[in-house]
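My questions will all concern the structure given below.
Just so it is clear, none of the values below were taken in a lab; they were calculated from the coordinates. Only a predicted model underlies this, so the values are computations on that prediction, with no experimental measurement involved. Positions of Cβ are backbone-derived with ideal geometry, glycine not excepted, and every protein chain shown enters the neighbour counts.
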Amino acid sequence: STNGINGSANTTPTPGILTTTTPTAPINAAAMLYSPYLNLNPYLMNMNMMGMGMNQFMEPPTDISSGINQMQAPPVWQNERDLPEGPYYVLKVSCVATGTESDDRSVGHIALIDWNLKTKANVFVKPEKEIKSYIEPLTSLNKELLDKYGYELEAAINIIKSELPTNAVIIGQNIIMDLNWLGLKQGEDFRQYIDLRDLWRSWSEYYKSYTHYSLSHQAKCILGYPNADQQKHSASYDGITTMKLFQYYLWCRYYNMQGFYNKVQVLQNTQIEPSFAKKHPIYEGVQMQQKRYKGVPYITNTNVASAKSKRLDIVNPNDNDTQTNNNDDNNKNDDENNNNTKTKPAKVNLLTHQNDAAKAE
């Protein structure tokens, strides 16, 4: 099949029947699993390999996007949430400080990444308020960058909307925060959303709750980035990392759930570096850690007795969220239903802006 977004081929292996024909040459089991063209049942293949103790060592190919059809719903797996079909997009917002308190933040950078790891929009925003700190280690932003390339927030949001299909499934780390910053509405600007935290998490028997992990810790443990917790951040770089983590999870759903469970164990057992906010409670005169924020990993409260029977639903970001640290104060009520009347903003010619801004970043 062909992905209508960029015209690239995204073919999912069609389950077939395992044959017993003796091959004329040795078969590379890993290549067999990755090939979207062989008439093999990947689920039966994985079961056989698990029996041989091989499956747990399987790693995904470099280009996951070409081996999974994003327009097809991923396989259902016990104890894992059902996921919708794409098209999948990652949305990432970085904020600068416009005051000294932990809540004094304004949007400074917005990135939109598609399934093929292409940056669809990379938009800088110059806030109306005076900037107290660019928090450069977390944003890679500075005065020169925003003065030269910064848009007004409304214009920046329109650019994002012009690149985002209304049937998109938005992926992000604590994605509700990003949606609220931009005022994007489910059913109008996008179809559904998935929080990456709810995919790469672990169950704490002691707290009877899920433990969530920072994006840096996930990148370190899952993608094998040894210095992920020491790297500078930006909306575009973190957005690409987020899509890679989401694709890795999807690959596990198709081919290697034992590998997924192994990675969750790595998340649990790997020492967690203190967050930037813990290392720098005050940075350039700005309070970095909210009182209600517990740092990462942090615990999400649930009302279920056992996580093993818990299946998360895809919820509307305009509804109240029951999980902690999702910034409920910023949730907006959606009282209008203009899905059939509101048109998407006109496309903006981003070629010059994207190229210049990317080089500057």
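Pairs 126/263; 118/148; 118/208; 143/244; 185/232; 143/263: which exceed 28 Å Cα-Cα? Mind showing how you got there, number by number?
On the way: 126/263 39 Å; 118/148 24 Å; 118/208 39 Å; 143/244 30 Å; 185/232 30 Å; 143/263 40 Å.
Listed pairs above 28 Å: 126/263; 118/208; 143/244; 185/232; 143/263.
Then there's this: Which whole-Hz couplings ³J(HN,Hα) result when phi for each residue of segment 125-139 is put into the Karplus expression 6.51 cos²θ - 1.76 cosθ + 1.60, θ = phi - 60°, listed in order with x for Gly and Pro?
Once θ is set to phi - 60°, the couplings for segment 125-139 become 10, 9, x, 5, 6, 5, 8, 7, 8, 7, 6, 4, x, 9, 10 Hz.
If a paramagnetic tag sat 7 Å from the Cα of residue 230 along the Cα-Cβ line, which residues of segment 244-271 would have the backbone N under 18 Å from that point?
Within reach of a label on residue 230, which here means backbone N under 18 Å from a point 7 Å along Cα→Cβ, segment 244-271 contributes 270-271.
To continue, here is another question. Given the convex hull over the Cα atoms of segment 209-296, what projected area results after averaging over all orientations, in nm²? Could the numbers behind the result be given before it?
Details: hull surface 27.1 nm².
Averaged projected area of segment 209-296's Cα convex hull equals 6.8 nm².
For residue 171, what residues show an amide H to amide H distance below 5 Å, using hydrogens built from the backbone and excluding near sequence neighbours?
Correct list: 89, 90, 91, 194.
Could you tell me whether segment 71-122 comes out rounded, prolate or oblate from its Cα gyration tensor? Rule is a ≥ b ≥ c as square roots of the eigenvalues, rounded for a/c under 1.5, then prolate if a/b exceeds b/c, otherwise oblate. Before the final figure, lay out the partial values.
Details: a/c = 5.78, a/b = 1.91, b/c = 3.02.
It comes out oblate by the Cα gyration axes.
Short version: what are the Cα gyration tensor semi-axes of segment 123-198, square root of 5 times each eigenvalue, largest first, in whole Å? Provide the component values of the computation, followed by the final result.
Working: eigenvalues 129, 49, 19 Å².
Working through the eigenvalues yields semi-axes of 25, 16, 10 Å.
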